[in-house]
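Novice: Below: one structure in structure tokens.
The values are calculated or read from the model by the stated rules, or taken from the named source; none is laboratory data. Just so we're clear, the structure is a prediction, and the values are computed from it rather than from any experiment. We place every Cβ from the backbone using ideal geometry, glycine too, and count neighbours over all the protein chains shown. Just the protein is used for accessible areas: all its heavy atoms, side chains included, with ligands, DNA and RNA removed. Shrake-Rupley method; radii C 1.70, N 1.55, O 1.52, S 1.80 Å.
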Amino acid sequence: MTKDSKIRVIHLLIGPALFVLCYLCLPQTFFETAAARGAIGTIAWMAYWWITGPVDFAVTGFLPIAINALFQMCDMKLVIANYADEIILLLLGASIITASWEITGLDKRIASTFLMLIGNNLRSQIIFWFLLTTVLSAVLPNAVVCAAITPIAVSMLKYVGIEDIGSNRIGSMILLTIAYGAGVGGLASPLGGAMNLVTVQYLQQVTGEEFIYWHWVVRFLPLMLILVVSNIAYLLLCCKKTDSLGESKAFFIEQYKSMGKMKRDEKWALALFAVATILSFTRQFYQDLLPGLKPAYVFIICAIISFLIMQKDGERLITWKSAQRKVIWDLLYIFAGGLAAGTLINETGAAGAIGEAMKSMGLTGGFFTILIIITVTLLMSDMTSNTATAAVAMPIILSIVQGIGLNPIPYIYVATIGVNISYMLPTSIRAIPVGYGLKPSFMLKKGIGMTVMVILIMSVVSYLLVTCWPAFSTI
């Protein structure tokens, strides 16, 4: 057996060993049931295998099914449902549509356009992709934004010769930037995701008043500005000034000109993606007329249409045989595995146990309370979905703060920070860049530093807002 094979076997064994350790040794004071301890153990097992990679990342995504079949931690139907979640269908539809880009050559045209406009410097690219995804995620679900923007960036990277993103630092940084921007942008407005609507619900419950959405923008504006600046600064520090995507800007301008006019097949491939994206981004204008036409189904419908389009030579634009070779299947199962792990955490009561542990810390409402709230909610968002974290964390934080006789509103705002952002594990939207080739070990390595920085900065800024800005204590 070679040295690499021995190391792989060790990593294979450590995964289930972590599960057993959690299952047997986590304190029953908080994790009263074996199911709750098993759920935490499942997360530990999956995280370790994702980071060390002894098996394909998609294979790790199936662990919640296998482990739950053996230990019956919760209803298997709830676990299985994650593998046909709406977001999975959205990702499948987007992957089929973008498969036609490579077939028609549209991917090269899109790539040269972005390189021509932004330039080849990695730092410029990072600033552009971060701001683009942040702005879009402020008014749109972050999963939709990440799913729509990532394949565009991947096309650009392939055009400059970066085929294996996982082994390329520059490609990995760009995909990581998109995931970070999509997460941060969600905090800017209540429209950034379902987790924010959970926050709005609790704010209205506490005050008995309707929450005005633009008040959210005002309250979170200082936090958003600091988050955006600090996140971009961190990402830029991870780059060298000389990092670039290859040739000069002038070269890409010449390449774009040499392509000539857009061909009919390219227009169809672009139109389908544009229609799906625009309809997903403008759902509020037609949801009363077509309540069932959610973004996931828009992408699936456009994907179906792509199989019906005929080229000039009588051949179909795309066939299932050509599509299935280009669809990013790993992406679907990595994302689904993260959702399924989140289901185990919530359905077994493990998430609630974490919240109960917060209650035992003797929190008094000062800086330490804010630090704990941001830390716990952010780490929970790394283990499960943002919305699930909000649903579990908000009532616990509400009971803690009301128990010590304080105004709960500012602490609900503080918890919303951690509910929206997370950086380390390939769960939720962070599974999307991993599906396109980003290594979870790279995500963890960069995410640890970002997590520590954001927790400290946001705790200090939040404490100042709670103590010095009266408006932060009102809706």
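Novice: For the chain, take the longest principal axis of its alpha carbons; what is the angle in degrees between that and the long axis of helix 86-104, to the nearest 10 within 0 to 90?
Specialist: Roughly 20 degrees, rounded to the nearest 10.
Novice: Might you tell me the accessible area per residue for the stretch 44-176, computed with a 1.4 Å probe and given in Å²? Numbers along the way, then the final one.
Specialist: Details: 4520 Å² over 133 residues.
It amounts to 34 Å² per residue over the stretch 44-176.
Novice: Measure nothing fancy, just the Cα-based angle from helix 249-258's long axis to the longest principal axis of the chain, in degrees from 0 to 90, nearest 10.
Specialist: The angle comes out near 50 degrees.
Novice: Go through M458, A471, A388 and say which Cα lies farthest out towards the positive end of the charge dipole of the stretch 347-475; charges sit on Cβ, +1 for Lys and Arg, -1 for Asp and Glu.
Specialist: Highest projection toward the positive end goes to M458.
Novice: How far is the Cα center of the stretch 200-226 from the Cα center of the stretch 125-156, in Å?
Specialist: Cα centres, the stretch 200-226 to the stretch 125-156: 24 Å.
Novice: Which shape class applies to the stretch 186-266: rounded if a/c is under 1.5, otherwise prolate when a/b exceeds b/c and oblate if not, where a ≥ b ≥ c are the square roots of the Cα gyration tensor eigenvalues?
Specialist: Values: a/c = 4.55, a/b = 2.00, b/c = 2.27.
Note, shape of the stretch 186-266 comes out oblate.
Novice: Over the stretch 21-149, with a single point scatterer placed on each C-alpha, what log10 of the ratio I(q)/I(0) does the Debye formula yield at q = 0.10, 0.21 1/Å?
Specialist: Computed log10 I(q)/I(0) values: -0.56, -1.23.
Novice: To continue, here is another question. Quick one: divide the alpha-carbon radius of gyration of the stretch 247-380 by 2.2 N^0.38 Å and tell me what you get. Could the numbers behind the result be given before it?
Specialist: On the way: Rg = 24.2 Å, N = 134, 2.2 N^0.38 = 14.1 Å.
Relative to the rule-of-thumb radius for its length, the stretch 247-380 sits at 1.71.
Novice: Tell me, what % of the accessible area of the chain is carbon and sulfur with a 1.4 angstrom probe? Could you put the intermediate results ahead of the total?
Specialist: Working: 12850 of 19680 Å².
After summing per-atom areas, the C and S share lands at 65 percent.
Novice: Regarding the stretch 25-70, what is the average projected area of its C-alpha convex hull, in nm²?
Specialist: Details: hull surface 13.8 nm².
Convex hull of Cα atoms, orientation-averaged projection: 3.4 nm².
Novice: Can you tell me the mean projection area, over all orientations, of the convex hull of the stretch 307-461's alpha carbons? Units nm², please.
Specialist: Details: hull surface 49.2 nm².
If you wrap the Cα atoms of the stretch 307-461 in a convex hull and average its projections, you get 12.3 nm².
Novice: Students often check this: by mean Cβ neighbours within 10 Å, which of 425-437, 460-472 ranks highest, and how do the rest follow?
Specialist: Working: 425-437: 27.8, 460-472: 15.8.
Going by the mean number of other Cβ atoms within 10 Å, highest first, we get 425-437, 460-472.
Novice: List the extent of the Cα atoms of the chain along each of their three principal axes, largest first, rounded to whole Å.
Specialist: 72, 59, 51
Novice: Can you list residues from other chains, or at least 5 along the same chain, whose modelled amide H is less than 5 Å from the amide H of R316?
Specialist: Q311
Novice: Further question on the same structure: Given the rule -39500 (n - 2.57) for each run of at least 4 DSSP H residues, summed and divided by the residues of the chain, what is its mean residue ellipticity at 222 nm, to the nearest 500 deg cm²/dmol? Don't skip to the answer; put the middle values down first.
Specialist: Numbers: 23 runs with 339 residues, N = 475.
-23500 deg cm²/dmol, from helical runs alone.
Novice: Mind listing P(r) for the stretch 406-475? All alpha-carbon pairs, 10 Å bins, whole percents.
Specialist: P(r) over the stretch 406-475, rounded to whole percents: 19, 38, 24, 16, 3.
Novice: Run through every distinct alpha carbon pair of the stretch 88-178 and return the Kirkwood hydrodynamic radius in angstroms, one decimal place.
Specialist: 13.5
Novice: Let me ask another. Can you tell me how the stretch 235-324 classifies by the Cα gyration tensor, rounded, prolate or oblate, using a/c under 1.5 as the rounded cut? If you can, show how the numbers build up before the last one.
Specialist: Working: a/c = 2.43, a/b = 1.36, b/c = 1.79.
It comes out oblate by the Cα gyration axes.
Novice: So, for the stretch 265-392, what is the accessible surface per residue at a probe of 1.4 Å, expressed in square angstrom? Mind showing how you got there, number by number?
Specialist: Numbers: 5640 Å² over 128 residues.
Counting only protein heavy atoms, the per-residue value for the stretch 265-392 is 44 Å².
Novice: Next up: Let me spell out the model: positive unit charges on the Cβ of Lys and Arg, negative unit charges on the Cβ of Asp and Glu, origin at the Cα centre of the stretch 106-186. What dipole size does that give, in debye rounded to 20? Each step should come with its number before you reach the end.
Specialist: Working: 5 positive and 3 negative charges, 28 e Å.
The calculation lands at about 140 debye.
Novice: What list of ³J(HN,Hα) values in whole Hz, one per residue of the stretch 170-187 in order, does the Karplus curve 6.51 cos²θ - 1.76 cosθ + 1.60 (θ = phi - 60°) give from phi, with Gly and Pro shown as x?
Specialist: Result, rounded to whole Hz: 5, x, 5, 5, 5, 5, 5, 4, 5, 5, 5, x, 5, x, 5, x, x, 6.
Novice: Given K267/K445; K240/K261; K6/K326; K6/K445, which pairs have Cα atoms separated by over 29 Å?
Specialist: Working: K267/K445 40 Å; K240/K261 36 Å; K6/K326 33 Å; K6/K445 24 Å.
Correct reply: K267/K445; K240/K261; K6/K326.
Novice: Compute the convex hull volume of the Cα atoms of the stretch 113-156, divide it by the residue count, and report the result per residue in Å³ as a whole number. Could the numbers behind the result be given before it?
Specialist: Details: hull volume 2.9 nm³, N = 44.
That works out to 65 Å³ per residue.
Novice: If you wrap the stretch 283-331's Cα atoms in a convex hull and average its projection over all directions, what's the area in nm²? If you can, show how the numbers build up before the last one.
Specialist: Details: hull surface 20.1 nm².
Computing the convex hull of the Cα atoms and averaging its projections yields 5.0 nm².
Novice: How big is the C-alpha Rg of the stretch 1-84 next to the rule-of-thumb value 2.2 N^0.38 Å, as a ratio? Spell out each step's value before the answer.
Specialist: On the way: Rg = 13.9 Å, N = 84, 2.2 N^0.38 = 11.8 Å.
Compactness ratio reported: 1.17.
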